[in-house]
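Report on one structure; see the data block that follows.
The values are calculated or read from the model by the stated rules, or taken from the named source; none is laboratory data. As the structure is a prediction and not an experimental result, all values here were calculated from the model. All Cβ positions, even for glycine, are placed from backbone atoms using ideal geometry, and neighbour counts span all protein chains on display. Just so you know, the surface numbers come from the protein's heavy atoms only, side chains and all, with ligands and any DNA or RNA stripped out. Shrake-Rupley method; radii C 1.70, N 1.55, O 1.52, S 1.80 Å.
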Amino acid sequence: MPWIGEGCALDLANTVIVGASRGEDLDFFTDPALTARWRQQVSDDRLARMPLDRLVELRAVVREALDAAHKSEPLSPHLRARINGLAADAPLVLELDEAGLLRQVGRGGPVDAEVARETLQLIAAPDTFTIRRCPAPSCGMFFVPRRRNQGWCTERCGSRARSTRRHHRGGRASNVT
């Protein structure tokens, strides 16, 4: 689970591997061993302790919002109201830093509210790259690219995608430069 640690919203959203086995998605929350492993590694203990049914419900909201952002589609009115309602319980405080710059700092609240706030920040932040979904075979993880031309969530996924492409073309790529 190398993707854990990118924030609660992504930690939660990325508990589904798209097309992992014979084209079927692998849902970590339907496998007790994977659920337990995820709970041990997730970045927020409160999220790890959340009941499974609430995790599944919150994940559906987060994944739907991230998927819409990835596709550059607006949120449905129902989804927007749901995520805004959740985020309303996650207070933000304005602070003046040492350089005299104003910044917003999250100050607690229920974990589902913090996840919703973080999701809103991911899908609407004007100063970051747009959320993407990894197109590599057996992945589909959401990620925020660190550079404009980043196409995969990890180098490993990039290598797997290139290898699959070469295999489907019927041979190895030439090393001629």
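Return the only residue of LEU10, LEU34, LEU55 being among the hydrophobic types (A, V, I, L, M, F, W, C), open to solvent by less than 20 Å² (accessible area, probe 1.4 Å) and farther than 23 Å from ALA125 by Cβ.
Numbers: LEU10 fails: farther than 23 Å from ALA125 by Cβ; LEU34 fails: open to solvent by less than 20 Å² (accessible area, probe 1.4 Å).
So the residue among LEU10, LEU34, LEU55 that is among the hydrophobic types (A, V, I, L, M, F, W, C), open to solvent by less than 20 Å² (accessible area, probe 1.4 Å) and farther than 23 Å from ALA125 by Cβ is LEU55.
Checking ALA116, ALA60, ALA81, ALA65 one by one, the residue that is exposed (fewer than 13 other Cβ atoms within 10 Å of the Cβ) and aliphatic (A, V, I, L, M) is ALA81 and no other. GLY140 - would you say it is open to solvent by 40 Å² or more (accessible area, probe 1.4 Å) and modelled with pLDDT of 85 or more? For GLY140, the condition - open to solvent by 40 Å² or more (accessible area, probe 1.4 Å) and modelled with pLDDT of 85 or more - is not met. Evaluating ASP44 against the criteria (1) within 15 Å of GLY140 (Cβ to Cβ); (2) in contact (Cβ under 8 Å) with a residue 24 or more places away in the chain leaves one unmet condition, (1). Taking every residue in the range 1-14 that is closer than 13 Å to VAL111 by Cα and pairing it with any residue that is open to solvent by 40 Å² or more (accessible area, probe 1.4 Å) and not hydroxyl-bearing (Ser, Thr, Tyr), at least 6 positions away or on another chain, the pairs with Cβ-Cβ distances below 6 Å are GLY7/GLU118; CYS8/GLU118; ALA9/GLU118. Within the range 33-44, the residues that satisfy the criterion of being more than 15 Å from the chain's Cα centre (by Cα) and within 14 Å of VAL56 (Cβ to Cβ) are LEU34, THR35, ARG39.
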